[in-house]
1. List, please: which pairs have Cβ atoms under 7 Å, are six or more places apart or on different chains, and start with a residue in region 322-351 that is of a type in the set (Phe, Trp, Tyr) and end with one that is in a loop (DSSP other than H, G, I, E, B)?
2. Kindly list the number of the only condition in (1) surrounded by fewer than 16 Cβ atoms within 10 Å (Cβ to Cβ); (2) in contact with a strand residue (DSSP E or B) (Cβ under 7 Å, 6 or more places away or on another chain) that fails for Arg135.
3. Hey, among Phe263, Phe336, Phe245, Phe346, which residue is in contact with a Lys or Arg (Cβ under 7 Å, 6 or more places away or on another chain) and closer than 23 Å to Asn358 by Cβ?
4. Only one of (1) at pLDDT below 65; (2) buried (at least 18 other Cβ atoms within 10 Å of the Cβ); (3) within 15 Å of Lys260 (Cα to Cα) is not met by Lys381, so which one is it?
5. With the condition kept exactly as written, say whether any residue in region 249-268 is at pLDDT 85 or above, over 18 Å from Arg135 (Cβ atoms) and assigned to a loop (DSSP other than H, G, I, E, B).
6. Looking at (1) in contact with a helix residue (DSSP H, G or I) (Cβ under 6 Å, 6 or more places away or on another chain); (2) at pLDDT below 90, which is the one condition that is false for Lys227?
7. So is Thr289 under 29 Å from the mean Cα position of the chain (by Cα), in the same structural domain as Gln337 (by TED's automatic domain parsing), within 20 Å of Gly376 (Cβ to Cβ) and outside any strand (DSSP E or B) or not?
8. I'm told Tyr45 meets every condition in (1) in contact (Cβ under 8 Å) with a residue 60 or more places away in the chain; (2) in contact with an Asp or Glu (Cβ under 7 Å, 6 or more places away or on another chain) except one. Can you identify the failing condition by its number?
Amino acid sequence: MQHREWNPKAFFKKLTPEVMAVYEAKRGLTLARDPSRPPHDQTYYAWMMLPEPDRLRLEAELLPVNDLCAQHARPYLDALARATWTGPKAHLVEDSRDWTVHDLAMRLHLEDPNGLGKCHQAYALDMMEHFQEYRGRHSVTLRATPSAKDAMKNEMTAHFRANAGGAKCKVEDFEGRDKFALFIVHEDELTALDRFDANGEVVPDWQRPVVRIAAVFYPDTFTLLVKAPRKLERERLRDLFAQIFIGEADYFEDASRTPKYSFDPIRDPDFEFRTHPADGIEVSVVRVTVRPGHAHVKRLDVKLASGLSMFGLHGALQSIGMNVAEDPIDGVRLLFQFEGKGRSRFRTVSLHNPNNTNLRDTTRDRLIRRYLKEWGFDGRKCALAVAFSAIAAPPLR
């Protein structure tokens, strides 16, 4: 996940004066606000009057805070609040429920900057897109040693240089409750950005953007999620993870031969998406990708109305000449409707073989993953009781 766009006018507009007063006191700042300006804009204009080197240094510090000023990040901030404000400050946890996400993120940044940094790392990892899943062959014990990270850095640096990337690369690790992850931060291909030169002319400024990819390993199900936009990096990172951290070059199954997902449930006209009433979820199929039995049609994407029963879905597909029982199904899109109001109550999940999905590692998506296994969509076969893998060395930050 790259940083969200930094818009200081919008950022400071959403912070209360009380929180800004704490921030200024902590940083030793005195912002000269102009009372003739609208109250909600005074902080922004005062901020822009700071000496540029100081302002840029402070803004770099606030980028992770800005990233966490999103409703999707609220559960991460709430968890950090419970861990940070204990004892005499425990009342702040309850008080924070009435704060905006902007105030909460800033208060936690001021109270525990290291804790907020780890919170941001976990959030950034879960929000990353473009990932694929690979199944391991058996339970393993990871070897996450400093020498292993160095080896990964050297191999990935060589990979990027051989594919037009930059020479700078950094490996960071993250250890969660049930997962172990590696961030690979590297320079991407040269990109031209327009800028004004000393004569006021627009000229190209060639830069290498810094981007992140990641590998996330779940020891209990020996599954690896590789988060990278390009296939070349995904497969290289998968192979190096198996070779360096697991010690078995062929540890992960060939997804092209053993597809992760099974779409047999929707072949049954009597199938129902059964969920626990307490979860308050309604599910329907809104897209099916098939390979019809026609020599001149390679693949067909069929968009469906939401809310169809499986019997209704079969009727709709058969009406356009599809054989639901026999035509190969390559992917589906499921619409999950949760309780609540607004667009946030909807979650659209795409599953496409051999191992493509847009599922992340949020609380809601973990619930969806559980149901996919119960319904038979997730074809992974592994032991349910597997000891968590040991990490050979503490994380290096």
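The values are calculated or read from the model by the stated rules, or taken from the named source; none is laboratory data. These numbers come from a predicted model, not from an experiment. Backbone-built Cβ (ideal geometry, glycine too); neighbour counts: all protein chains shown.
1. Phe338/Gly280
2. (1)
3. The conditions single out Phe336.
4. Checking Lys381 against (1) at pLDDT below 65; (2) buried (at least 18 other Cβ atoms within 10 Å of the Cβ); (3) within 15 Å of Lys260 (Cα to Cα), the one that fails is (2).
5. Checked region 249-268: at least one residue is at pLDDT 85 or above, over 18 Å from Arg135 (Cβ atoms) and assigned to a loop (DSSP other than H, G, I, E, B).
6. Evaluating Lys227 over (1) in contact with a helix residue (DSSP H, G or I) (Cβ under 6 Å, 6 or more places away or on another chain); (2) at pLDDT below 90 leaves (1) as the failure.
7. So Thr289 does not fit the description; no.
8. So the condition that Tyr45 fails would be (1).
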